[in-house]
Amino acid sequence: FRSNNLDPNARHCMASAAYAFMRTFGMDEPMGCYDDFEHADAFVLWGSNMAEMHPILWTRLADRRLGHEHVKVAVLSTFTHRSMDLADVPIIFKPSTDLAIMNYIANHIISTGRVNEDFVRAHTTFMKGVDDIGYGLRADDPLEMKAKNAGDPTKMEPIDFDSFKAFVADYTLEKVAELTGSDPGFLEQLAELYANPETKVMSLWTMGF
């Protein structure tokens, strides 16, 4: 960083998470609580290896999964690790393709008619961000100067639900399976966990995802 006065890792870790929460949910905190572990019907680990990195919480997840036959565990990662041992839905994806999986899930919910339109109208706002935002480098760096939206990655404009629907419609099961290199059967099972309104899904992630 060309300085001997360095921030803690907060700038790269907690600060980025806090900004993402504010941008997505309007408040700096994740949605959910630890009590959800004892009530969830499904756990989805997005890039998390809880078995080795968060063993205390993993014991609660494992207890719920092994003590209730209907409970499912989905694990998404770019490599195989110990959390996969408990996975009903193991998904290995190519690096940087996880967003495509999320778009596929949204498309699956919409295309199968499981959208609660009253809730969407009352409680959601759809926004379109910008791409080509650069790399967070110094303003005079050639890569930064080349990016169209460098220096202001926060630019967004509101869109309606139909525009969002049209955007994710391109993320079909076939396309996303090819893009991610993931098993299409497991991708569909993952999407169904989120699409079923009777399934209480707990999403878990770690820094870097």
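What do you reckon, is F186 under 25 Å from H39 (Cβ atoms) and modelled with pLDDT under 90?
Considered against the rule, which asks whether it is under 25 Å from H39 (Cβ atoms) and modelled with pLDDT under 90, F186 comes out as no.
Out of (1) among the basic types (K, R); (2) within 17 Å of the chain's Cα centre (by Cα); (3) closer than 17 Å to M202 by Cβ, the odd one out for R60 is which?
Single failed check for R60: (2).
Report those helices (runs of 4 or more DSSP H) wholly inside segment 1-97 carrying at least 1 residues which are loosely packed, with under 12 Cβ neighbours inside 10 Å and assigned by TED's automatic domain parsing to the domain that holds Q189.
50-53, 55-67
Every residue in segment 155-185 that is farther than 23 Å from L76 by Cα and either touching a helix residue (DSSP H, G or I) at 6+ places or on another chain (Cβ under 7 Å) or not assigned by TED's automatic domain parsing to the domain that holds Y104 (or both), please.
F161, K165
Restricting to segment 98-116, name every residue that is under 13 Å from L193 (Cβ atoms), over 13 Å from the mean Cα position of the chain (by Cα) and part of a helix (DSSP H, G or I).
Those that are under 13 Å from L193 (Cβ atoms), over 13 Å from the mean Cα position of the chain (by Cα) and part of a helix (DSSP H, G or I): H108, I109.
Go through segment 174-209 and give me each residue that's in a helix (DSSP H, G or I), touching a Leu at 6+ places or on another chain (Cβ under 7 Å) and not charged (D, E, K, R).
V176, A177, P184, L187
Could you figure out which of (1) in contact (Cβ under 8 Å) with a residue 60 or more places away in the chain; (2) over 29 Å from S16 (Cα atoms); (3) of a type in the set (S, T, N, Q) isn't true of S111?
Of the numbered conditions (1) in contact (Cβ under 8 Å) with a residue 60 or more places away in the chain; (2) over 29 Å from S16 (Cα atoms); (3) of a type in the set (S, T, N, Q), the odd one out for S111 is (1).
Results for (1) modelled with pLDDT under 90; (2) among the aromatic types (F, W, Y); (3) surrounded by 12 or more Cβ atoms within 10 Å (Cβ to Cβ), shown as yes or no for each residue.
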{"site": "G113", "(1), (2), (3)": "no, no, no"}
{"site": "R121", "(1), (2), (3)": "no, no, no"}
{"site": "T125", "(1), (2), (3)": "no, no, no"}
{"site": "A139", "(1), (2), (3)": "yes, no, no"}
{"site": "E144", "(1), (2), (3)": "yes, no, yes"}
{"site": "N149", "(1), (2), (3)": "yes, no, yes"}
{"site": "D152", "(1), (2), (3)": "yes, no, no"}
{"site": "F161", "(1), (2), (3)": "no, yes, yes"}
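Inside segment 84-99, can you point out the residues that are closer than 18 Å to L187 by Cβ and in contact with a helix residue (DSSP H, G or I) (Cβ under 7 Å, 6 or more places away or on another chain)?
Within segment 84-99, V89, P90, I91, F93, K94, T97 meet the criteria.
The values are calculated or read from the model by the stated rules, or taken from the named source; none is laboratory data. What you see is a predicted model, and the numbers here were worked out from it, not measured in a lab. Cβ sites come from the backbone with ideal geometry, for glycine too, and all protein chains shown count toward neighbours.
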